[in-house]
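Heads up, the thing below is written out as structure tokens.
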Amino acid sequence: MKDHPSWKQEGTVSLWRYTEFPKKFGGWHITANSDGISSLLALLQLLVGTPGAYRTVAVMPPSPAVLRVPNFQKGDALWSAPAKWRLQCTSEDTWQFPLELEPATLTVGGKFLRQLEAGLRGIPKGEGDFGIGLSPPLYFWWWPRSA
């Protein structure tokens with residue numbers, strides 16, 4: 001099964017990884033505006049009921065204001081961002097999020113799915129600066145007011 005037809009992305013989602021000092025800030029980093037978070041949470045609810053289905057999310061590169069939230073190298077650290085992010089859910093405790101950019105693909109299920117949903121729900125509340133998942137992890141950052 002391919003794309004899930006009953007979902008349309010809204011809002012802005014930024015997903016990136018730093019390309020220098022991977023031991024310090026390795027893995028993926030995410031933030032989104034409120035509409036983007038709502039859209040991602042709705043998508044995950046659709047996908048969890050259809051294991052094996054996936055959907056592709058358009059990703060915006062992180063703005064300078066977004067990069068100042070983690071403030072790695074004072075916001076000037078080198079980074080790469082995919083243009084698209086493929087999400088897929090499984091019924092097992094799964095976390096697979098390789099560092100390949102195109103397409104960036106997260107396969108998630110079980111306790112990791114619950115952690116992902118909780119992390120996303122915290123972003124509009126200003127929560128962040130923590131990671132979930134196995135290597136490589138996904139780090140959550142609050143959406144900057146000036147973005």
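Give the residues of region 12-48 that are open to solvent by 10 Å² or more (accessible area, probe 1.4 Å) and in a strand (DSSP E or B), sorted by residue number.
R17, Y18
Kindly list, by first and then second residue, each pair from a residue in region 50-66 that is touching a residue at least 60 places away in the same chain (Cβ under 8 Å) to a residue that is surrounded by 14 or more Cβ atoms within 10 Å (Cβ to Cβ) and polar (S, T, N, Q), limited to pairs with Cβ atoms under 6 Å and residues at least 6 apart or on different chains.
Pairs found: V66/S14; V66/T31.
Search region 110-147 for residues being among the hydroxyl-bearing types (S, T, Y) and part of a loop (DSSP other than H, G, I, E, B), and hand back the single one that is nearest to the chain's Cα centre (by Cα).
S135
So which residues in region 1-11 are exposed (fewer than 13 other Cβ atoms within 10 Å of the Cβ) and either modelled with pLDDT under 85 or among the hydroxyl-bearing types (S, T, Y) (or both)?
Once the filter is applied, which keeps residues that are exposed (fewer than 13 other Cβ atoms within 10 Å of the Cβ) and either modelled with pLDDT under 85 or among the hydroxyl-bearing types (S, T, Y) (or both), region 1-11 yields M1, K2, D3, P5, S6.
Taking L101 and the conditions (1) within 24 Å of K24 (Cβ to Cβ); (2) in a strand (DSSP E or B); (3) open to solvent by 40 Å² or more (accessible area, probe 1.4 Å), which numbered condition does it fall short on, given that it satisfies the others?
(2)
How many residues does region 73-89 hold that are surrounded by 14 or more Cβ atoms within 10 Å (Cβ to Cβ), out of contact with any helix residue (DSSP H, G or I) (no Cβ under 8 Å at 6 or more places or on another chain) and not aliphatic (A, V, I, L, M)?
5
Using the structure shown, decide if L99 is in contact (Cβ under 8 Å) with a residue 60 or more places away in the chain, touching a strand residue (DSSP E or B) at 6+ places or on another chain (Cβ under 7 Å) and not basic (K, R).
So L99 fits the description; yes.
List every residue pair whose Cβ atoms sit under 8 Å apart, with the two residues 6 or more apart in sequence or on different chains, where the first one lies in region 20-32 and is farther than 13 Å from G119 by Cα and among the acidic types (D, E) and the second, anywhere, is open to solvent by less than 10 Å² (accessible area, probe 1.4 Å) and at pLDDT below 95.
E20/A77
So, of the residues in region 106-128 that are within 17 Å of P70 (Cβ to Cβ) and in contact with a Phe, Trp or Tyr (Cβ under 7 Å, 6 or more places away or on another chain), which turns out to be most open to solvent (accessible area, probe 1.4 Å)?
Ranking the qualifying residues of region 106-128, first place goes to E127.
The values are calculated or read from the model by the stated rules, or taken from the named source; none is laboratory data. Note that the coordinates shown come from a computational prediction; the quantities given were computed from them, not determined experimentally. Virtual Cβ from ideal backbone geometry, glycine too; neighbours counted across all protein chains shown. When the accessible area is computed, the model is the full protein with side chains, heavy atoms only, and any ligands, DNA or RNA have been set aside. Shrake-Rupley method; radii C 1.70, N 1.55, O 1.52, S 1.80 Å.
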